[in-house]
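Okay, structure first, notes after.
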Amino acid sequence: MEKRLLIQQVNMNGRIGTLIIEKGRVAKFDSSEVAPGLEDSVWNARGMLLLPAFRDAHVHLDKAFPPDRWISRTPVSSILDQFQLEKELLASCKNRRKELAVRTLEAMLAAGTVEARVHVDIDPDIGLSHLELMLQLKEDFASRMAIELVAFPQQGLLRSQSTPYIREALRMGADLVGGVDPAGVDRHVELSLHTMFELAAEFDKRIDLHLHDPGHLGVYTIEKMLEYSAEAGMKGKVTVSHAYGLGEVDTGLVAELGSRMAGEEMDLATSVPIDTAMPPVPLLAKQGVKVSLATDHTGLDAWTPYGHPDILRRGRLLAEKQVWNDDLRMASVFQWMSNGSLELKAGDTADFVLVHALNAPHALAALPRRQLVCKAGLPVAGALWQGKSNDNAWNNIPERSESPDEYDSLFGDYR
Ligand SMILES: [Zn+2]
């Protein structure tokens, strides 16, 4: 018989039982007592809550400042000035880029993120140097986190004449074509989008566009993206990130655009910004748009001092902004951070997080430390993780010994 992993006394969405894992996938969740076979590995979660592991739909690993340096921000008058400021500030951290990216990945993992879409800066100045590093990290972290790389012309695809560099990035292995503000930055919506879709077609890649353009300019850009997507047969392969404009126009228009986005399977990534309008997530989700939450900023960077690598914290921010106090709506936030469910079913990859919390709303409110983060049934991070991610790793992980009233949380340090 195939060797199995039995995780006993797991709280799966309110039911206590044994999670049985075979070959990295969930074989079964059994509420009755399961007798382990001689070959089976057994670990007791002692009532810890299981949450499906998290996906960060939009993050940068090449923008964080060193945590030991405070870089003062000064007000800027336009997004183009912001681009320039960031470029100058980042140049001063050049020698620490790998260390900072690794630190960010470890922090994301410790927070329960096992899948991430990473946008990588590319322009004629820095060339493909960031991409080379990220391709290496993607490989180094492959057993712990599934990383997708977006070739991202931060300074504008047309504006910075980055098209040949993006083409080379796709040849080198970037997974998606990126872009930014076809109107506000590139000053030519059609040509900018056309270039992105051409590049995607040439290399059979997907698209993920940063869209900060406001109001109807943003709406117009999304309409054009829908047209191009349909023409190019790219249904289900196009993402719009941010889409602030959807938070600034009439809700009737958003609902209509949302149903068109759902029809074309164009998904939306939002970082739940605090300094600008944001798309109305509940309305878009109701229209059938696949929404994903994203950190975007993981620490101190040129854009914000308020970044954080914890996607659960973004979920909490969304619930706070929406003023969702009831269990049902608080629990609904998890669908935008993971595979869409609060439970793992037979056949699912065993990607999950164990925390000391009573249920999903409690976890969202308290932001408990992630005790164990598992990918394909193997521990890959978390407070109990012992630094090993192989078949024997479970033998070395201490089982929780204290009584379950010890709930650590965001406020745990202050009690
Ligand atoms: Zn971004």
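Picking from residues in the range 293-319 that are more than 15 Å from the ligand (Cβ to nearest atom) and at pLDDT 95 or above, the one that is nearest to Leu105 (Cα to Cα) is Asp310. Could you list, in sequence order, the residues of the range 259-292 that are small (Gly, Ala, Ser) and at pLDDT 95 or above? The answer is Ser259, Ala262, Gly263, Ala269, Ser271, Ala285, Gly288, Ser292. Within the range 15-44, restricting attention to residues that are at pLDDT below 95 and of a type in the set (Gly, Ala, Ser), which residue is surrounded by the most Cβ atoms within 10 Å (Cβ to Cβ)? Going through the qualifying residues, I end up with Ser41.
Just one of (1) of a type in the set (Asp, Glu); (2) surrounded by fewer than 18 Cβ atoms within 10 Å (Cβ to Cβ); (3) more than 16 Å from the ligand (Cβ to nearest atom) fails for Asp275. It is (3). Considering only residues of the range 390-413 that are touching a strand residue (DSSP E or B) at 6+ places or on another chain (Cβ under 6 Å) and buried (at least 17 other Cβ atoms within 10 Å of the Cβ), which is modelled with the highest pLDDT? Taking the candidates together, the pick is Trp394. Of all the numbered requirements in (1) without any contact (Cβ under 8 Å) to a residue 40 or more places away in the chain; (2) more than 16 Å from the ligand (Cβ to nearest atom); (3) touching a strand residue (DSSP E or B) at 6+ places or on another chain (Cβ under 8 Å); (4) among the small types (Gly, Ala, Ser), Ala110 misses one, and that requirement is (1). Looking at the range 232-241, can you tell me whether even one residue there is among the basic types (Lys, Arg), more than 16 Å from the ligand (Cβ to nearest atom), outside any helix (DSSP H, G or I) and within 26 Å of the chain's Cα centre (by Cα)? Yes, the range 232-241 contains a residue that is among the basic types (Lys, Arg), more than 16 Å from the ligand (Cβ to nearest atom), outside any helix (DSSP H, G or I) and within 26 Å of the chain's Cα centre (by Cα).
Test Leu257 against the stated conditions and say whether it is within 16 Å of the ligand (Cβ to nearest atom), crowded, with 18+ Cβ neighbours inside 10 Å, in contact (Cβ under 8 Å) with a residue 24 or more places away in the chain and assigned by TED's automatic domain parsing to the domain that holds Met278. Break it down stepwise before answering.
On the way: within 16 Å of the ligand (Cβ to nearest atom): no; crowded, with 18+ Cβ neighbours inside 10 Å: yes; in contact (Cβ under 8 Å) with a residue 24 or more places away in the chain: yes; assigned by TED's automatic domain parsing to the domain that holds Met278: yes.
No.
Yes/no per residue for (1) within 21 Å of Asn392 (Cα to Cα); (2) of a type in the set (Val, Ile, Thr); (3) in the same structural domain as Val291 (by TED's automatic domain parsing):
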residue: Asp30; (1), (2), (3): no, no, no
residue: Glu33; (1), (2), (3): no, no, no
residue: Pro36; (1), (2), (3): yes, no, no
residue: Ser41; (1), (2), (3): yes, no, no
residue: Asn44; (1), (2), (3): yes, no, no
residue: Leu49; (1), (2), (3): no, no, no
residue: His58; (1), (2), (3): no, no, yes
residue: Asp62; (1), (2), (3): no, no, yes
residue: Pro66; (1), (2), (3): no, no, yes
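Could you please let me know if Arg4 is over 27 Å from Asp327 (Cα atoms) and either away from the ligand (no atom under 16 Å from the Cβ) or loosely packed, with under 14 Cβ neighbours inside 10 Å (or both)?
Working: over 27 Å from Asp327 (Cα atoms): yes; either away from the ligand (no atom under 16 Å from the Cβ) or loosely packed, with under 14 Cβ neighbours inside 10 Å (or both): yes.
Answer is yes for this residue.
Do we find a residue being assigned to a strand (DSSP E or B) and either away from the ligand (no atom under 16 Å from the Cβ) or surrounded by fewer than 16 Cβ atoms within 10 Å (Cβ to Cβ) (or both) anywhere in the range 56-75? Looking through the range 56-75, none of the residues is assigned to a strand (DSSP E or B) and either away from the ligand (no atom under 16 Å from the Cβ) or surrounded by fewer than 16 Cβ atoms within 10 Å (Cβ to Cβ) (or both). Within the range 314-342, the set of residues being more than 14 Å from Ala57 (Cα to Cα) and surrounded by fewer than 16 Cβ atoms within 10 Å (Cβ to Cβ) comprises Glu320, Lys321, Val323, Asn325, Asp326, Asp327, Leu328, Arg329, Ser341. Annotation note: Cβ proximity below 6 Å between a residue of the range 270-288 that is closer than 20 Å to Asp208 by Cβ and a residue that is assigned to a loop (DSSP other than H, G, I, E, B) and within 16 Å of the ligand (Cβ to nearest atom) (sequence gap 6+ or interchain) occurs for Thr270/Met278; Thr270/Pro279; Ser271/Ala294; Pro279/Ala243.
Could you list all residues from the range 111-132 that are in a helix (DSSP H, G or I) and surrounded by 17 or more Cβ atoms within 10 Å (Cβ to Cβ)?
Pass one, the range 111-132, residues in a helix (DSSP H, G or I): 129-132.
Residues satisfying the conditions are His130, Leu131.
The values are calculated or read from the model by the stated rules, or taken from the named source; none is laboratory data. Source: prediction; values computed, not measured. Because the Cβ atoms are built from the backbone with ideal geometry, glycine has one as well, and the counts that use them run over all protein chains shown.
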